[in-house]
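The values are calculated or read from the model by the stated rules, or taken from the named source; none is laboratory data. All values derive from a computational prediction rather than experimental measurement. Positions of Cβ are backbone-derived with ideal geometry, glycine not excepted, and every protein chain shown enters the neighbour counts. For the accessible areas, the whole protein counts, side chains as well, though only heavy atoms, and no ligand, DNA or RNA atoms are used. Shrake-Rupley method; radii C 1.70, N 1.55, O 1.52, S 1.80 Å.
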Amino acid sequence: MMKRMKALSLLSGGLDSALAAKIIKDLGIEVIGVNFYNGFCIENVHRQVRGPSRCYTPLKAGHSIGVPVKLINVADEYLRVVKYPEHGRGSAMNPCIDCRIFMLKEAKLLMEELGAEFVVTGEVLGQRPMSQHYRALMQIQEESGLGDRLLRPLSAKLLPDTLPVKKGWIDRDDLYDIKGRSRGRQLELAKRYRITAYSQPAGGCCLLTEKRFGDRLRDAFTHKGKEEMRIEDFEILKAGRHFRLSKATKVIIGRDDHENRFLEQFEEGRWKIMILDHPGPLALVEGDPAEGEEVQPQLEFAVRLTARYSDGKDEDRVRAVIERDGKAQMVEVEPLDPDDEWIKKARI
Ligand code: SF4
């Protein structure tokens, strides 16, 4: 009896990866799904800050196509990719080529561990400018170490044959020749394969492709230093309004209760500002003022800014507590004028 082949399929929760997995599954291959959490997936970040409000999309997508999904957290190891990409970045801070190489290296290890023969992805030739043009796809394939054990079923007819085709496990004619950014063919296939559980495509999936997040990351690299940055320094960039007070210090102000609670986890080693007498945000001030800079004026300015976002913003004076490492002091300040030009300039 012929051995049933096994494949590992990367599932992001989007339509393309669900389709790719389903196409291979329907050819009689055993498919196991995997979703790598790198710390910057918007759906996951949303769940981290606001709590889960629905089933995690990769799990839902896997369930809808009958594929079991492994969730693997690679956030710690991935930070190196974000800090030091060897193949440059996209229009924001997204290191797409290095990111794909990293994920596929992880997939290769898992493939070997599970005794699978090849890896499947939903990549489409020409869909993304940085990581899905022909040369990039080939480079990713080679540098990941997967070589011809990487199958991209949606564009396979436009790419060199891979091991499953060469070995006759899969017929090339059962694969597709989809190219470019249009979603038409994928939507047709979604109907044919009855796939409805997937997240919406294009641009909304990865925090690293967002301009504002990119600005914050660049600012943190400049002022804190890449080497110094730990996972919590990345976490704190994911919530709140961020303002640079000086070269060394920055204030982060929660926008709602979810963000206040999220930010509060990172109070250790930072000043925490809480507005008294009025509902208002929690703010953190991070970084130690440089030599020659005075602490107190900077903190009071941060309190004025925080008060501007509280319900006491129209009062003449607002009281607040500033706390750090168990030591607290009370201050009374005039809320910053909402139209103050500094607010726009300092916002990151
Ligand atoms: S968009 Fe984000 S997750 Fe996707 S390849 Fe680029 S860096 Fe990686």
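A few comments on the model shown:
- Scanning region 120-134 for residues that are open to solvent by 20 Å² or more (accessible area, probe 1.4 Å) and either more than 22 Å from VAL31 (Cβ to Cβ) or among the hydroxyl-bearing types (Ser, Thr, Tyr) (or both) yields GLY126, ARG128, PRO129, MET130, HIS133, TYR134.
- In the set (1) open to solvent by 60 Å² or more (accessible area, probe 1.4 Å); (2) within 30 Å of CYS55 (Cα to Cα); (3) of a type outside the set (Lys, Arg), the condition left unmet by PHE213 is number (1).
- Leading residue by the ranking (farthest from the ligand (Cβ to nearest atom)) among those in region 67-96 that are over 22 Å from GLY225 (Cβ atoms), crowded, with 18+ Cβ neighbours inside 10 Å and under 15 Å from the mean Cα position of the chain (by Cα): GLY90
- Entry remark, region 139-167: residues being in a loop (DSSP other than H, G, I, E, B), touching a strand residue (DSSP E or B) at 6+ places or on another chain (Cβ under 9 Å) and farther than 12 Å from LYS105 by Cα number 6 in total.
- Residues within region 30-47 that are more than 16 Å from the ligand (Cβ to nearest atom) and in contact with a helix residue (DSSP H, G or I) (Cβ under 8 Å, 6 or more places away or on another chain), tallied: 3
- Strands (runs of 3 or more DSSP E) wholly inside region 254-348 containing at least 2 residues that are open to solvent by 70 Å² or more (accessible area, probe 1.4 Å), touching a strand residue (DSSP E or B) at 6+ places or on another chain (Cβ under 6 Å) and touching a residue at least 12 places away in the same chain (Cβ under 8 Å): 327-333
- Among the residues making up region 97-119, a single one is in a helix (DSSP H, G or I), open to solvent by less than 30 Å² (accessible area, probe 1.4 Å) and charged (D, E, K, R): ASP98.
- Candidate set from region 46-66 (those that are of a type in the set (Ser, Thr, Tyr) and not in a helix (DSSP H, G or I)); member that is surrounded by the fewest Cβ atoms within 10 Å (Cβ to Cβ): SER53
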